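**Q** Dropping the structure in here first, questions after.
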Amino acid sequence: EPEVTQTPSHQVTQMGQEVILRCVPISNHLYFYWYRQILGQKVEFLVSFYNNEISEKSEIFDDQFSVERPDGSNFTLKIRSTKLEDSAMYFCASSPQRGSTDTQYFGPGTRLTVL
Amino acid sequence: AQSVTQLGSHVSVSEGALVLLRCNYSSSVPPYLFWYVQYPNQGLQLLLKYTTGATLVKGINGFEAEFKKSETSFHLTKPSAHMSDAAEYFCAVSDAGGTSYGKLTFGQGTILTVHP
């Protein structure tokens, strides 16, 4: 069964460093998402992406964040200058079509630790 | 704005007992409602969803949920718990309006423990 994959599973970085989190969505899916979960808190929406453009983003997704689909398979989240408060589990998700009814398929997550 | 509240961050049941995980939502537009499950070291997996139509929704692994608009609830149930049901469960809501691109708003999650 096709699944969303994410690498690395755990990333440790120093404050101020840039990190890139990678995701490979399911191959025929068109919509892509990033969510994050700070330890002990809710899963929060960051951004949705379609047709090489951001469709929607949350207040969390400020200028320090960017997303890219550099080729036909990868979907990346870049944090330019990490802060302590960026430490969280980051989930990638994809869905076949746009729409609130469509199921989003989630990857296993990348745990980011900022020291 | 939408929000989801899951009552009880931890629920413990005995094997064979009823599982009831509570979810209440707030939405200014008709909601679409989802339950996801997360097993250790895995991604969130869809258990079931309500969009329109029948308010009692059946999902995988014997789970079901009932949408009650008057109570703004979408509680998840399973008649008989199994050890393999131990996991974290997330309730989520999506905006049924045309401006949404599928953004999910999640509850804080409920960890289900099943005792032998």
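The values are calculated or read from the model by the stated rules, or taken from the named source; none is laboratory data. Model, not experiment: these values are computed from the prediction. Glycine gets a Cβ as well: all are built from the backbone with ideal geometry, and neighbour counts include every protein chain shown. SASA here: full protein model, heavy atoms, side chains in, ligands and nucleic acids out. Shrake-Rupley method; radii C 1.70, N 1.55, O 1.52, S 1.80 Å.
**Q** Considering A:ILE54, A:ILE60, which residue is in contact with an Asp or Glu (Cβ under 9 Å, 6 or more places away or on another chain), farther than 17 Å from A:THR5 by Cβ and either within 14 Å of chain B (Cβ to nearest Cβ) or open to solvent by less than 50 Å² (accessible area, probe 1.4 Å) (or both)?
**A** A:ILE60
**Q** Pick from B:ALA54, B:ALA86, B:ALA92: which is buried (at least 19 other Cβ atoms within 10 Å of the Cβ) and among the aliphatic types (A, V, I, L, M)?
**A** B:ALA92
Quick grid of which residues meet (1) without any contact (Cβ under 8 Å) to a residue 24 or more places away in the chain; (2) more than 14 Å from chain A (Cβ to nearest Cβ); (3) not polar (S, T, N, Q):
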| site | (1), (2), (3) |
| --- | --- |
| B:VAL29 | no, no, yes |
| B:TYR32 | no, no, yes |
| B:LEU56 | yes, yes, yes |
| B:SER73 | no, yes, no |
| B:HIS82 | no, yes, yes |
| B:ALA86 | no, yes, yes |
| B:GLY109 | no, no, yes |
| B:PRO116 | no, yes, yes |
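**Q** Then there's this: Take the residues in the stretch B:15-39 that are part of a loop (DSSP other than H, G, I, E, B) and open to solvent by less than 60 Å² (accessible area, probe 1.4 Å); name whichever of them is nearest to A:PRO108 (Cα to Cα).
**A** Here the answer is B:TYR39.
**Q** Out of the stretch A:77-102, which residues are out of contact with any Gly (no Cβ under 9 Å at 6 or more places or on another chain) and crowded, with 16+ Cβ neighbours inside 10 Å?
**A** Scanning the stretch A:77-102 gives A:LEU77, A:ILE79, A:ASP86, A:SER87, A:ALA88.
**Q** Any idea which of (1) open to solvent by less than 40 Å² (accessible area, probe 1.4 Å); (2) in contact (Cβ under 8 Å) with a residue 60 or more places away in the chain; (3) assigned to a strand (DSSP E or B) is the one B:SER12 doesn't satisfy?
**A** Checking B:SER12 against (1) open to solvent by less than 40 Å² (accessible area, probe 1.4 Å); (2) in contact (Cβ under 8 Å) with a residue 60 or more places away in the chain; (3) assigned to a strand (DSSP E or B), the one that fails is (1).
**Q** Please pick out the residue among B:GLY59, B:GLY53 that is of a type outside the set (A, V, I, L, M, F, W, C) and on the phi > 0 side of the Ramachandran plot.
**A** From the options B:GLY59, B:GLY53, the qualifying one is B:GLY53.
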